[in-house]
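Notes to accompany the following structure.
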Amino acid sequence: MSLFDDELMKIAGLLGEEDAVKIVRSLAKLKEATEDVIANDSGVRLNIVRKVLYKLYDKTLISCRRVRDEKTGWYVFYWKLQPDQLDAFVRSRKRRTLEKLKTRLEYEKTHTFFVCNKCGNIRLPFEEAIESAFRCPKCGGQFVESKNERIIEELEKLITRLEAELKV
């Protein structure tokens, strides 16, 4: 299996879990096929095949060609992978992630946070902590200031790595 196939399988897994991976693997093998043929080859129910195909089509990872059946008058859709769109899809997702990371970094840099040492999972910015008089709403414990330098450092590392990958 090539690097392209590995990446495509990962994306299929993200979009539709194991069924999507089976469908993409089947489509890669068949090159171009109808929903029925894909369902038979992959062993996935037809309605799930259609749902996954439309998700992949929405992301421009596959294309379809429609042909009118002379006997029934119905349209038959032939689906195939679009390998040239994979890189654009991945880059788009990375750009979106980069923007979210930058927003989060700005938020972390401009806020002071407080945590409850008893609960451990409650972390509030100053504005919210002051509303509760610096008391944990869960256990009533006192909030203490939390240093977020490590979070900022990790966010900056991720941003730098993504920018290098995207060559921003």
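Here, each number is a calculation from the coordinates, and none is a lab measurement. Fair warning: this is a prediction, and the values are worked out from it, not measured in the lab. For neighbour counting, all protein chains shown are included, and Cβ atoms are generated from backbone atoms with ideal geometry for every residue, glycine included.
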For this session: Sorted from largest down, give the three principal axis spans of the alpha carbons of the chain, whole angstrom values.
Result: 75, 38, 28
Problem set entry | Distant-in-sequence amide H partners of Ile122 (H built 1.01 Å from N, under 5 Å) | Cys116
Exercise. When the dipole is taken about the Cα centre of the chain, and only Lys, Arg (+1) and Asp, Glu (-1) are charged at their Cβ, what size is it in debye, to the nearest 20?
Worked result: 220
Problem set entry | From phi via Karplus (6.51, -1.76, 1.60), per-residue ³J(HN,Hα) for region 55-70 in Hz, x at Gly/Pro | 5, 5, 5, 4, 8, 6, 8, 9, 10, 9, 10, 10, 10, 7, 6, 5
Exercise. Tell me, Asp19, Asp87 in order of fewest to most beta-carbon neighbours within 10 Å?
Worked result: Asp87, Asp19
Exercise. Could you give the dipole magnitude of region 91-166 about its Cα centre, charging the beta-carbon of Lys and Arg +1 and that of Asp and Glu -1, in debye to the nearest 20?
Worked result: 460
Exercise. What's the extension gain from Arg50 to Leu158 if we count 0.36 nm per residue and subtract their Cα-Cα distance?
Worked result: 35.3 nm
For this session: Pairs of Cα atoms under 8 Å, at least six residues apart: use those to get the relative contact order of region 3-81, whole percent.
Result: 29
